[in-house]
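The values are calculated or read from the model by the stated rules, or taken from the named source; none is laboratory data. Quantities reported herein were computed from a predicted structural model and do not represent experimental measurements. As a convention, Cβ positions derive from the backbone with ideal geometry for all residues, glycine included, and neighbour counts pool all protein chains shown.
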Amino acid sequence: MRTPILPFAALVLTGTLGLAQTGPPVANTGGNVGNDYVVDCNNVFAPGSALTTVQLDGSASYDPDGTPVAFWWFEECPFGSFVDPFSPTPVFQVDMTGECQRSCVVELRVISGGQTTKQVFSVDVADVSPPLIYPLVDVIGIWGDDTSPLSTGMPMLVDNCDPAPALGYVDVLVPQGGIGFPESLIERTWLATDCMGLESSYLQRITLIAPTGPAGSSANLDVDPSGCPNFFHAGDRGTIDVLLLGSPEFKAENVIESSVRLWIRTQPNVMVGPSVFTLGDVGSISAGQYGECNSGKPDGRPDLNMSFNRGTFTNQLNLRAYAPGAVVEVMVSGKLLNGKLWATRDSIEIR
């Protein structure tokens, strides 16, 4: 065993002064499995390294005569070391780089009145906890959107021992019932596996709703139709208009107003509804894709203008959290009189 060379005066003494020594001290390692320590990884990761710390506790050691005791901890472990080998409660560090389980042989020496008691034990570190998958938001999009993880998001993983658990996923297409249901529902199960084979899973739902029409007819949403591009000032007051343009494929007059909801594409769980609806011919579709500007020239088809309280719009959607210059995609969905669900989108730039 590697023995630190320090003067005996450096040893920590505990206990009370007593009479003459008549028996050896008692060594108590404080182990959680007999004398041994069996612990889960608690790695602190740095580039190319991983270190688990184990708190040892020999403070229950004593001398039956009440004389003070000193502690000296030794290790026979090329990947383990003590922060302070003379402490009653030392921290033992185990290098877990590239490993998910390791065992070290350790010895506690309790010294009192010229007598020494030795206790050999082990410190066993193993990964017994599965990886943690940080939740992903469910996705609500439009039929035809890219549903690859690059677009819908990949979860973050944390494991107490493995710096890079394996990650995969399986998609299951859930059949839908037609009118009144989404076009598609994908249940994506993410599976994370660490170096001990421990697994955890997380279910993400990707819901795709019918577009409002083919090609340019799909890009019929205009946030703040008075300006182009759509600059949004979070500090402004009053109302903000969102225009839903009618087309031959999409009759704005058939929208059930109470069904309309607006949200930020990356935050589908937080929705706001318009406070005022106005039907009239105020523009025409000229955008070729989502986010482009539409024309303010009437085309003879009814359009649905939706007014939102700007304060509610800003606060509910947490728009002050975005940095100036950020481009935020806004989704709007609803239901037609025939029960069909629809969705469309536009974008705003935070100023």
Within the set of pairs 6+ apart or on separate chains, which have a first residue in region 316-330 that is on the phi > 0 side of the Ramachandran plot, a second that is surrounded by fewer than 18 Cβ atoms within 10 Å (Cβ to Cβ) and among the polar types (S, T, N, Q), and C-beta atoms under 8 Å apart? Asn318/Gln267
Residue among Phe313, Phe277 that is of a type in the set (Phe, Trp, Tyr) and surrounded by fewer than 19 Cβ atoms within 10 Å (Cβ to Cβ): Phe277
Please verify whether region 289-299 includes one or more residues that are modelled with pLDDT of 95 or more, polar (S, T, N, Q) and on the phi < 0 side of the Ramachandran plot. no
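Answer yes if at least one residue in region 178-186 is assigned by TED's automatic domain parsing to the domain that holds Leu108, modelled with pLDDT of 95 or more and hydroxyl-bearing (Ser, Thr, Tyr), and no otherwise. Quick ask: steps written out before the conclusion?
The first filter runs over region 178-186 and keeps only residues assigned by TED's automatic domain parsing to the domain that holds Leu108, leaving none.
No - not one qualifying residue is present in region 178-186.
Confirm whether Ser333 is over 18 Å from Ile264 (Cβ atoms), at pLDDT 95 or above, not in a loop (DSSP other than H, G, I, E, B) and not aromatic (Phe, Trp, Tyr).
Working: over 18 Å from Ile264 (Cβ atoms): no; at pLDDT 95 or above: yes; not in a loop (DSSP other than H, G, I, E, B): yes; not aromatic (Phe, Trp, Tyr): yes.
No.
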Looking at Ser286, is it at pLDDT below 95, touching a Phe, Trp or Tyr at 6+ places or on another chain (Cβ under 8 Å) and either outside any loop (DSSP other than H, G, I, E, B) or farther than 22 Å from Ala321 by Cβ (or both)? no
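To keep it simple, each residue is scored yes or no on (1) within 15 Å of Arg345 (Cα to Cα); (2) within 37 Å of the chain's Cα centre (by Cα); (3) free of Cβ contacts under 8 Å to residues at least 40 places away in the same chain.
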residue	(1), (2), (3)
Ala234	no, yes, no
Gly238	no, yes, no
Asp241	yes, yes, no
Asn254	no, no, no
Val282	no, no, no
Ile285	yes, no, no
Arg301	no, no, no
Met306	yes, yes, no
Thr314	no, yes, no
Among (1) touching a Gly at 6+ places or on another chain (Cβ under 7 Å); (2) surrounded by fewer than 17 Cβ atoms within 10 Å (Cβ to Cβ), Phe121 falls short only on (2)
Inspect all residues belonging to region 228-235 and state whether any of them is in contact with a Phe, Trp or Tyr (Cβ under 9 Å, 6 or more places away or on another chain) and farther than 25 Å from Asn294 by Cα. no
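Being over 23 Å from Pro25 (Cβ atoms) and within 36 Å of the chain's Cα centre (by Cα) is the requirement here; does Phe92 meet it? Reasoning before the result, please.
Values: over 23 Å from Pro25 (Cβ atoms): no; within 36 Å of the chain's Cα centre (by Cα): yes.
For Phe92, the condition - over 23 Å from Pro25 (Cβ atoms) and within 36 Å of the chain's Cα centre (by Cα) - is not met.
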So how many residues does region 256-273 have that are in contact (Cβ under 8 Å) with a residue 60 or more places away in the chain and either more than 23 Å from Thr314 (Cβ to Cβ) or among the small types (Gly, Ala, Ser) (or both)? 2
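Yes/no per residue for (1) within 18 Å of Leu341 (Cβ to Cβ); (2) among the polar types (S, T, N, Q); (3) at pLDDT 95 or above:
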position	(1), (2), (3)
Leu243	no, no, yes
Leu262	yes, no, yes
Gln267	no, yes, no
Ser275	no, yes, no
Thr278	no, yes, yes
Do the conditions hold for Phe250, that is, is it at pLDDT 95 or above, surrounded by 14 or more Cβ atoms within 10 Å (Cβ to Cβ) and not polar (S, T, N, Q)? yes
Residues of region 57-72 classified as free of Cβ contacts under 8 Å to residues at least 40 places away in the same chain and under 40 Å from the mean Cα position of the chain (by Cα), total: 1
Quick one: how many residues across region 25-56 are without any contact (Cβ under 8 Å) to a residue 24 or more places away in the chain and among the acidic types (Asp, Glu)? 0
